[in-house]
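Since every read-out is calculated from the coordinates, none of them should be taken as a lab result. Being a predicted model, the structure only gives us computed values, none of them experimental. Positions of Cβ are backbone-derived with ideal geometry, glycine not excepted, and every protein chain shown enters the neighbour counts.
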Amino acid sequence: MDNSDRNNDKNVDFIRQIIAEDIKNGKHSAPVTRFPPEPNGFLHIGHAKSICLNFGIAEENNACCHLRFDDTNPSKEEAAYVESIKKDVQWLGYEWGDNLFFASDYFDRLYDYAVELIRQDKAYVCDLSAEEIREYRGTLTETGKESPYRNRAIEENIALFHEMKEGKFETGSHVLRAKIDMASPNLNMRDPVIYRILKVDHHRTGSKWCIYPMYDYTHCLSDAIEGITHSLCTLEFEDHRPLYDWFLDTLKTPCHPRQIEFARLNLTYTVMSKRKILQLVTGCHVTGWNDPRMLTISGLRRRGYTPASIRNFCSEIGIGKKESWIDMGVLENSVRNDLNDTAPRVMGVLDPLKVIITNYPPEESEEIEAQNHPQKPEMGTRRIPFSREIYIERSDFMEDPPKKFFRLGPGREVRLRYAYFITCVSVIKDKDTGVVREIHCTYDPTTYGGNAPDGRKVKGTIHWVSAAHALSCEVRLYDRLFAVENPDADKEVDFKEHLNTDSLTVLTNCLVEPSLRQTAAGTSLQFERQGYFCLDIEDSKPDHLVFNRTVGLRDSWAKAQG
């Protein structure tokens, strides 16, 4: 793929500066990075930042980035999550080639490394319960207390660890801990657990193992085994870096990757915790991981976000060392800007109001030529049927319009997009409710294409569809899932209390022009004057079109807050 769209005018962040310096000094000939997701859920927009960073650095240096699954907790992992993650990475435009790995690929080697730590008297089997280990660990102001099992003989530890592997003990009865320093000011160095008993089948290794390594132990050794040069992770792992280095130094691995931390993505009007996202899914607050209101990558894809818009967003927010908040509007503007350039224009009416053009021949129709993109003639044109009866947007008509309302009203003349000037001559209302049922208009046949030969001007242009030819469809208007900027701000209130009750509005009587009949699922379009929409990839069928609103033409939230 051409990388020019990813690198133009990009500020060189501190991580890229470090890597460039390492290459310049001959420390590495090229970087080897990795993206290491846990297959216990779907990826979200925060993961996209890491994907773009790791794979982007590899591409910029003609190097490689590994996709490695940290599959060390089989109780929460599924093969389906593995496939969804692979799909998301590829959809974003990245490939790992032959560099697809799993932590489970290294279970035998990790076990051998653990035995080596025991032989060095740097690890021991501990019988304390999880609660007791927490109590013995101490606090930030109080040093920890050594486990009564800390000074077991090396051979006894080897034998016990082997019995753990063979399933001789129950879950939670024994763990393997690194022997470091219970008085360390860094709590991560106070004899951390590196193996626990978990009698659960693994989605790749089956029942072969009943002990599984912990993340801090697994991650650094997997990096070393794969020859990773720069292990990029978010700031919460900064305090884990001494442990990362301790394992590699103690085991004298031939490769010692450098861990570098960067600020994670904090985005307003959402939650970035995978645990909380799971609550939304399992609690049926959304329709699933790919609900278009979700900021999972699959949800964004279904809503109509493009890979380029997400890559551009990640590039725009940059990579920093300090935590900060990004307004949701930045993400929305990213897809708005991308679709403004790439999305074909069509006409759709979401709240139809019938218009009868009384002086148009009843049995006739014609085809109007329309541009697919007014600023891009290379995108071509299409033919739209026009007839005596059309539908317009109900909001484009007012019986008693205010001074600055330039659309249709009694006695007013407006332009139909690409077609003719029409003038409202009468209004038909429902006798019982008084609601406007239809409008009668006349048209000027000399104004074809939207221009009057006598030079008269109209201030209003409205969109329309032919009543006899339009396709009915369902339109889903999606909004932000949460009604407040930071749903997690008040720890005393359940974040789900802040869900936006208006995050989804379903319109079932919408009409679109017939050119959309053969539209492929996932296609993005601009409904003129309405916003950007995507044909839903899950629910849309040839006989029941479903469009999701990706984003409006303008930032309505910013306007509302202003």
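Some observations on this one:
- Translational D in µm²/s for the range 416-481 (Stokes-Einstein at 25 °C, 0.890 mPa s, Kirkwood Rh from C-alpha pairs): 164
- Remark: relative contact order (the chain) = 12 percent; criterion is Cα-Cα distance under 8 angstrom and separation of 6 or more residues.
- Ranking 357, 53, 90 by how far each Cα lies toward the positive end of the dipole of the chain (charges on Cβ) leaves 357 at the top.
- Least to most buried among 87, 429, 403 (fewest other Cβ within 10 Å first): 403, 429, 87
- Residues 306, 446, sorted so that the one with the fewest Cβ neighbours within 10 Å comes first: 446, 306
- Straight-distance crosslink candidates among lysines, where the alpha carbon sits under 18 Å from residue 122 and sequence neighbours closer than 8 are dropped: 145, 179, 252
- Legend: Rg and Dmax of the range 425-539, from Cα coordinates, 21.1, 69 Å.
- In this Cβ point-charge picture (+1 for Lys and Arg, -1 for Asp and Glu), the range 107-215 has a dipole of about 260 debye about its Cα centre.
- Positive-end ranking of 233, 220, 173 along the dipole of the chain, with charges on Cβ about the Cα centre, is headed by 233.
- Semi-axis lengths (Å, descending) of the ellipsoid that matches the C-alpha gyration tensor of the chain: 61, 24, 20
- Other residues whose C-beta falls under 14 angstrom from the C-beta of residue 365 contribute a net charge of -4, scoring Lys and Arg +1 and Asp and Glu -1.
- Relative contact order (%) - criterion: Cα under 8 Å, at least six apart; region: the range 408-555: 19
- Relative contact order of the range 107-215, defined on C-alpha pairs under 8 angstrom at six or more residues apart (%): 26
- 5 Å-binned pair-distance histogram of the range 165-236 (Cα, whole percent): 3, 13, 17, 19, 20, 16, 8, 3
- Bins of 5 Å, starting at 0 and running to the largest distance - Cα pair percent for the range 33-191: 2, 8, 14, 14, 13, 12, 13, 12, 9, 3, 0
- Beta-bridge orientation, the chain: approximately 65 percent antiparallel, per DSSP, counting only bridges with both partners inside.
- Among 544, 285, 66, 240, a tally of other beta-carbon atoms within 10 Å of each Cβ gives an order, fewest to most, of 544, 285, 240, 66.
- Rg and Dmax over the alpha-carbon atoms of the range 216-308 stand at 17.9, 49 Å.
- Extreme residue, positive dipole direction of the chain, given options 486, 120, 534 (C-beta unit charges): 534
- Net charge dipole size for the range 16-105 [Lys, Arg +1 and Asp, Glu -1 on Cβ; Debye, nearest 20]: 300
- The chain: calculated mean residue ellipticity at 222 nm from DSSP helix runs of at least 4, using -39500 (n - 2.57): -8000 deg cm²/dmol
- The magnitude of the dipole of the chain, with charges of +1 and -1 set on the Cβ of Lys/Arg and Asp/Glu and taken from the Cα centre, is near 1060 debye.
- Rg and Dmax of the range 348-462, Cα atoms only, in Å: 14.7, 51
- Of all lysines in the structure, those lying under 29 Å Cα to Cα from residue 354, and not within fewer than 8 positions of it along the same chain, are 403, 404, 429, 431, 457, 459, 541.
- Label-point separation, residue 342 to residue 151 (7 Å along Cα→Cβ), nm: 6.6
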